[in-house]
Amino acid sequence: MKNTRTYFIAALLAAITFGSLAQAALPDPGVTIVRGRTALLITDPQNDFLSPDGVVWGVVGKSVTDNNTVENIDSLFAAAKANDIPVFISPHYYFPTDHGWHFEGALETLMHKVGMFDRSGALSLDGFEGSGADFLEQYKKYIYDGETVISSPHKVYGPETNDLVLQLRKRGIDKIILGGMSANLCTESHMRELIEQGFEVAVVSDATAAAILEEGDGYEAALVNFRFIANTVWTTEEAVKNINESH
């Protein structure tokens, strides 16, 4: 009886302690927008993800619609431009030579199979206008204003294979407001790498979306990791407010 009672008390104390730790385990460090050091980064604002004509709309469309993703990204662009916050785009392109890869992950295989983000060549824009690889039409006024930085394309999910970090560093940027597509793939991978590279990252949770498949909801999976890893997680409303109030 004594051993049972002792075990029960120990277990109860452990549960109380764990519960207290769990409540305190995820603080919100926050991100303070500092002009000249903060940028908006949008991953893959492209037709194949965000247009009903995109090749994966059948699996991402509900998430995009439910989150009002297209309009929320637009709101971030507009706020950044109105407040002289630099804007960076990290696009996803596949050229014909990329289809010669000898091995691929599950989503890479699918993307190559359906021709997602395909372009005719690294030095050619033939067929680009209005294609799945092209930017959503309503974003072009922001992206093609002569100020937005479009990095070289990432090839899998993260920015390890493009020049995004170089472009950010060369402009003295160390704080990132992050949105774009898709939540548990390119957006999350950019968040992870930027954190590893020493940037502060605020993820905008409703300025992204993801595929809903038999295996699970990519958006719900990403939300957990955003909260665990990012310096803070904002809604679009919060992000726009913070941008507008920055000095």
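Values in this text are rule-based calculations from the coordinates and carry no lab data. All values derive from a computational prediction rather than experimental measurement. Cβ sites come from the backbone with ideal geometry, for glycine too, and all protein chains shown count toward neighbours.
So I have [x] 17.7; [y] 18.2; [z] 19.2, and one of them is Kirkwood radius over Cα pairs in Å calculated from this model. Which one is it?
Checking each listed value against the structure points to [z].
May I ask you to evaluate 6.51 cos²θ - 1.76 cosθ + 1.60, the Karplus curve with θ = phi - 60°, for each residue of segment 86-95 and list the ³J(HN,Hα) values in order in whole Hz, giving x for glycine and proline?
Per residue, the Karplus-derived 3J(HN,Hα) values read x, 10, 10, 10, 10, x, 10, 10, 10, 9 Hz.
Write out the GluC sites (Glu not before Pro) in segment 51-124 meeting two conditions: DSSP loop, and at most 15 other Cβ atoms within 10 Å of their Cβ.
Those satisfying the criteria are GLU104.
If you plug each phi of segment 152-160 into the Karplus form 6.51 cos²θ - 1.76 cosθ + 1.60 with θ = phi - 60°, what whole-Hz ³J(HN,Hα) values come out, in order, with x for Gly and Pro?
Along segment 152-160, the couplings run 4, x, 7, 10, 10, 10, x, x, 4 Hz.
Distance in nm between label sites at ILE195 and ALA122, each 7 Å beyond Cα in the beta-carbon direction?
Each label point is offset 7 Å from its Cα along the Cβ direction, giving 3.2 nm.
Name the lysines eligible as straight-distance cross-link partners of LYS113: C-alpha to C-alpha under 18 Å, and not fewer than 8 places from it in the same chain.
LYS155
Could you name the lysines in cross-link range of LYS241, using Cα to Cα under 30 Å and dropping any fewer than eight places away on the same chain?
Answer for LYS241, where 30 Å is the Cα cut-off: LYS62, LYS81, LYS140, LYS141, LYS170, LYS175, listed by chain and number.
Please turn the phi angles of segment 75-83 into ³J(HN,Hα) values with the Karplus equation 6.51 cos²θ - 1.76 cosθ + 1.60 (θ = phi - 60°), one per residue in order, whole Hz, x for glycine and proline.
My calculation for segment 75-83 gives 4, 5, 4, 4, 5, 4, 5, 5, 10 Hz in order.
Find out how many positive minus negative residues lie around VAL34, taking Lys and Arg as positive, Asp and Glu as negative, among other residues whose Cβ is under 15 Å from that of VAL34.
Every neighbour counted, the sum reads 0.
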